């Protein structure tokens, strides 16, 4: 548990082929044998070796077993980024149980519905999140035991302290015969367009996705993989911790994304690879240049989307940016080849054991250059999600025609490279034109005075929709809505220029920095500037 220097470069483990039949627990056990003293999970305040994580999760698994957790049980986690999350996940894996980490921003009935959905009987909650849980505790239908990490005032004596689970006096649980297809995670979708669903993620999904991720990004055993996003998200769990496990490398987890602390935290973590999502890259780019912009160890950043100024970002910060495509239900599918010249706007080519197609609304393959919905079919068992827990209708709809439908629109060029267009539900239909909200957002965010932007469709008096842009300006920027639309008209097609512009201090977001566009649409055009209205 003590901080230490990173180990020198190592060779890749003899074979990653064991992920064909391995479980998460078995891989951790093997890693503790292979590299017991090698740092595995790093935070700013310290780090844990493979051996320490293995021993700690043995003790925690015994404590959870003593509380009645058994193979196949779901256990809800309400935990911020910290070692407790990782220990709980691996301890549950050793019992053949399933971690169901809850979005820490959930409150009220949304939180109660999420916990009841997965039918957890035991829940682990951090003291900082206890007020949210206490508010709806009596509504929960299945939770019988609550474990508290930390302390709260006037604690209910029925709450079990986290430290009690780690008591060495618990007898070891009996061995579990878990299979690679058994569930390891229930990951909630973001809930930006409707009620959150819990994607069923198997052991093999986690390990095979990690293997593909290593291949797609050409990760190395001496890499330190940095992720500042919530550990309940795919990026941190499956695309950071799991690849580090296979590589016998280091997963460096930040407390939360902070634009002002980002590079300092990267330096403290000695990170070599980082990921970005949504507007986070834009926020980093629009910080004032600093003499320290290159004083870090990062060689590679990955995420989506890659902006038009990516080359300038690379030159300024001295690291390469790589675009890819992934989703909670399918993991990473498309990766930009690192040995080929980049193609602006492309998220790359398929990597891994699946077949991908672009189809129209009737399910027929579209021609090259035509946007279509990305659908996926697996070529190996348990490498896509197994469905949505407790939602058979949603599962059937998602896997219609025996293909998983991502809901994302992409196009493909003549050489097979894919280009992200936007969410199927994130297309604005204006006077016969299908407008990608993502493309309009990228155009507006190219303005030097704009920090972030979200584009939505709003009802039109001409039927169909009009384009509305909700814009966050950089501090100190003086810009009028009309001036912004003049900028848009110089950068994009006339039909894409927003009719409505609303300046706002912030955009409503999930903890994974996805804009909750339904909230912007619910507000409508109230308070927005109308380009077609008379006046200045």
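Some observations on this one:
- Scanning the stretch 207-230 turns up no residue that is part of a helix (DSSP H, G or I) and in the same structural domain as residue 126 (by TED's automatic domain parsing).
- Residue check for residue 165: modelled with pLDDT of 95 or more, touching a helix residue (DSSP H, G or I) at 6+ places or on another chain (Cβ under 9 Å) and on the phi < 0 side of the Ramachandran plot: no
- Residue match in the stretch 505-522 (condition: surrounded by 19 or more Cβ atoms within 10 Å (Cβ to Cβ), in a helix (DSSP H, G or I), under 27 Å from the mean Cα position of the chain (by Cα) and in contact (Cβ under 8 Å) with a residue 40 or more places away in the chain): yes
- Residues satisfying the stated conditions in the stretch 28-60, i.e. at pLDDT 95 or above, surrounded by fewer than 16 Cβ atoms within 10 Å (Cβ to Cβ) and not in a helix (DSSP H, G or I): 36, 37
- Within the stretch 294-350, being free of Cβ contacts under 8 Å to residues at least 60 places away in the same chain, assigned to a loop (DSSP other than H, G, I, E, B) and either surrounded by 14 or more Cβ atoms within 10 Å (Cβ to Cβ) or at positive phi (or both) holds for 296, 299, 306, 318, 319, 336, 337, 342.
- A single member of 168, 199, 251 is outside any helix (DSSP H, G or I) and within 26 Å of residue 392 (Cα to Cα), and it is 199.
- Among all residues of the stretch 109-116, there is none that is in contact (Cβ under 8 Å) with a residue 24 or more places away in the chain and assigned to a strand (DSSP E or B).
- Sole exception among (1) more than 30 Å from residue 492 (Cα to Cα); (2) surrounded by 21 or more Cβ atoms within 10 Å (Cβ to Cβ) for residue 275, by number: (1)
- Residue 240 fulfils the conditions (1) out of contact with any strand residue (DSSP E or B) (no Cβ under 6 Å at 6 or more places or on another chain); (2) closer than 20 Å to residue 104 by Cα; (3) modelled with pLDDT of 95 or more except for a single criterion, (1).
- Selection within the stretch 262-292 - farther than 21 Å from residue 476 by Cβ, outside any helix (DSSP H, G or I) and free of Cβ contacts under 8 Å to residues at least 60 places away in the same chain: 271, 272, 273, 274, 275, 276, 291, 292
- Residue in the stretch 146-162 that is modelled with pLDDT of 95 or more and part of a helix (DSSP H, G or I) present: yes
- Condition broken by residue 235, with the remaining ones in (1) assigned to a helix (DSSP H, G or I); (2) at pLDDT 95 or above satisfied: (2)
- Qualifying residue in the stretch 354-367 (condition: in contact with a helix residue (DSSP H, G or I) (Cβ under 8 Å, 6 or more places away or on another chain), within 24 Å of residue 208 (Cβ to Cβ), at pLDDT 95 or above and outside any loop (DSSP other than H, G, I, E, B)): no
The values are calculated or read from the model by the stated rules, or taken from the named source; none is laboratory data. It should be emphasised that the depicted structure is a prediction, and the values quoted were computed from it without experimental measurement. Because the Cβ atoms are built from the backbone with ideal geometry, glycine has one as well, and the counts that use them run over all protein chains shown.
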